[in-house]
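The block underneath contains the structure these notes are about, expressed in structure tokens.
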Amino acid sequence: MHERSALLDRLLSRPSSTSISWLDLAALKSLRRRDCCAPRSWRDSATHKSCKMALAPTVKVVLGSMAFGIFWVLAVFPAVPFLPIGRTAGSLLGAILMVVFRVISPEEAYAAIDLPILGLLFGTMVVSVFLERADMFKHLGKFLSWKSRGGKDLLVRICLISAISSALFTNDTCCVVLTEFILKIARQNNLPPQPFLLALASSANIGSSMTPIGNPQNLVIAVQSNISFGKFLLGILPAMFVGIFVNAGILLMYYWKLLSNEKDVEVAAAAAADVIAEKDVNLHRFHPATMSHVTLLSSQDWSSAADSIVLCSSTNGDLGHPETLRNRITWSEADMHSGSSDKVESTMAPNPAKDLVGEHGVFTRNEDDQSARKYARSGSWMKGMKDGFSFHLSEEKEVPMERWKVLLWNGCVYLVTIGMLVSLLMGVNMSWSAITAALALIVLDFKDARPCLEKVSYSLLIFFCGMFITVDGFNKTGIPSALWDFMEPYARIDSATGTAVLAVVILFLSNVASNVPTVLLLGARVAASAAEISPAEETKAWLVLAWVSTVAGNLSLLGSAANLIVCEQARRSQSFGYNLSFLTHLRFGFPSTIIITAIGLLLIRNY
């Protein structure tokens, strides 16, 4: 790159009447051949065009820095008092300011939006919605309760389940669904919720590093680096696997005494799974109308519900007088007195039905009930009882059918999801694989897709659009390039010292500027520096960036959105509220992050 700059300066400074010498022409051809032999991800990366650039004019640098600073403040502190507009609006504000300040043109702003990343993010969110409807997280919750043997066993299970689920369904989704469930288990077993909440958040972050669909920064890395799903998985898997057990071990060391109660938590956890699955997980799930479970009404609810249930007309074909269920099973005074001259109180009318039809549709008989025999001789109400009993039996026949439909639907969701994962492992385009799987589930649902699509976090997609534009504008100022030029000699990935320096830079920026902007700012620069060594080192550089930027979220409470989700969900829980403080998280997060990051770097460098 320095040779190119010197050559271009010499060519531009020559007099206009002077022709280009054959030596300069040969040098240009040599540089072009060198570029053509460079790795494709380096040559094709749009961000690499600005990897080595001088500082822009002072006005552009100042205005671009102001716009990026506003974006950063609102991204880290979304409820800042002087402008409490949130992260999404803050990213749009930063993008608009980049265009208004003429740091980038409107065309460049549109070109900065990475559609493959947005498509992959949208597809995975839709698939996650259908997996929640298919009770995936309910099954994961029940696995926690299966033969659990106390707090220590429960903590290790939480680490494993949150890691695996976050790798497949993103860390944010995992934390949203499992937080309330874990709080309930802890309270029912007199266990402190703090270690379990830390296990959930930290393991979700570590586990999400394993796949390109585990978190947003991995999506960016997978698309920009052109690394296949399988190669990404194999490169991070050893570090993730060891990191999860090290993380669980550190948690056990910190909270060994608090978790010494070896009470069997299987029963309590099973009850918690049912309650949370029905009460809280359903908040994130939509059931198809044709596959809803039959609700069994209590005796108190039956009377009020009977008024609104309209049955088919009588067998004589009279369609003009539809009968309600109450009309079928309740008799008028005239009908009751027509069968006997004896006066019977109206309050005795429902008793024959109660005596003749048991709780599960079985006939019983009370020989001592004289009123029942009088009503039986009347015969006028027997038709109503017969129809009511037939309706009851038809309901019981419909229950297995509804259950069969639910099982079939859940199986389809799981098969489509497995098909998506297989496609990703085979190297099929990740964005289109996720979108195709999402559309297949929508079609199989065979109903209006609006309720499902409303579950997609469009605010997150808009946040990404604004962030792409803002970061691209900040790159145009030349400040990131100048800083990287200073750091590059000390952060080369071909040495242990350089890898350690690079990891420290990523850890710092991920907790100061958030992990996704850090990946956008450093990704192409780190890859270009490693590509000068070898293509294999370039792949390792992307994997190191993915690992460190993800695990960096465990350093502090503000380092990851998953941490904030667990904290807010626990604090706002009406029944089991718990406040996870910043210092509490930092005391565990800082040493855990440093140790796990170092172990993972050793495994990735030897990959």
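None of the figures in this text is laboratory data; all of them are computed from the coordinates on show. Please read these numbers as outputs of a predicted model, since none were measured by experiment. Glycine also receives a Cβ, built like all others from the backbone with ideal geometry; neighbour counts cover every protein chain displayed.
A simple rule links phi to the HN-Hα coupling: the Karplus curve 6.51 cos²θ - 1.76 cosθ + 1.60 with θ = phi - 60°, which for the range 61-77 gives 5, 5, 5, x, 5, 4, 4, 5, x, 5, 4, 5, 4, 6, 6, 8, 10 Hz, with x for Gly and Pro.
How high is the FRET efficiency from Asp153 to Val242, r the C-beta distance, R0 25 Å, rounded to 0.05?
Numbers: r = 20 Å, r/R0 = 0.81.
So the FRET efficiency works out to roughly 0.80.
Rounded to the nearest 0.05, what FRET efficiency do Arg587 and Ala56 give with R0 = 56 Å and r taken as the Cβ-Cβ distance? Could you check? According to the calculation, E is roughly 0.85.
Sorting Lys184, Lys455 from the fewest to the most surrounding beta carbons within 10 angstrom yields Lys455, Lys184. Note that the range 584-589 has calculated 3J(HN,Hα) couplings of 4, 5, 5, 4, 8, x Hz, one per residue in order, obtained from phi through the Karplus relation 6.51 cos²θ - 1.76 cosθ + 1.60 (θ = phi - 60°); glycine and proline are x.
Students often get this wrong, so check it: of Lys455/Lys540; Lys184/Lys231; Lys476/Lys540; Lys184/Lys447; Lys152/Lys405; Lys60/Lys540, which have C-alpha atoms separated by over 31 Å?
On the way: Lys455/Lys540 36 Å; Lys184/Lys231 39 Å; Lys476/Lys540 27 Å; Lys184/Lys447 35 Å; Lys152/Lys405 39 Å; Lys60/Lys540 35 Å.
Violating the 31 Å limit, Cα to Cα: Lys455/Lys540; Lys184/Lys231; Lys184/Lys447; Lys152/Lys405; Lys60/Lys540.
Couplings 3J(HN,Hα) for the range 167-172, derived from phi with the Karplus relation 6.51 cos²θ - 1.76 cosθ + 1.60 (θ = phi - 60°), are 5, 9, 10, 6, 5, 5 Hz, where x marks Gly and Pro.
Modelled label positions at Asn190 and Val80, each set 7 Å beyond Cα in the direction of Cβ, lie 4.8 nm from each other.
How much length, in nm to one decimal, is gained on full extension between Ser534 and Phe508, taken as 0.36 nm per residue of separation minus their Cα-Cα distance? The partial results should precede the final answer.
On the way: separation 26, 0.36 × 26 = 9.36 nm, distance 2.68 nm.
Contour length minus Cα-Cα distance gives 6.7 nm.
Running Debye on the range 93-229 with equal point scatterers at the Cα sites and no solvent, what base-10 log of I(q)/I(0) appears at q = 0.17, 0.21 Å⁻¹? After summing over all Cα pairs, the log10 values are -0.90, -1.16.
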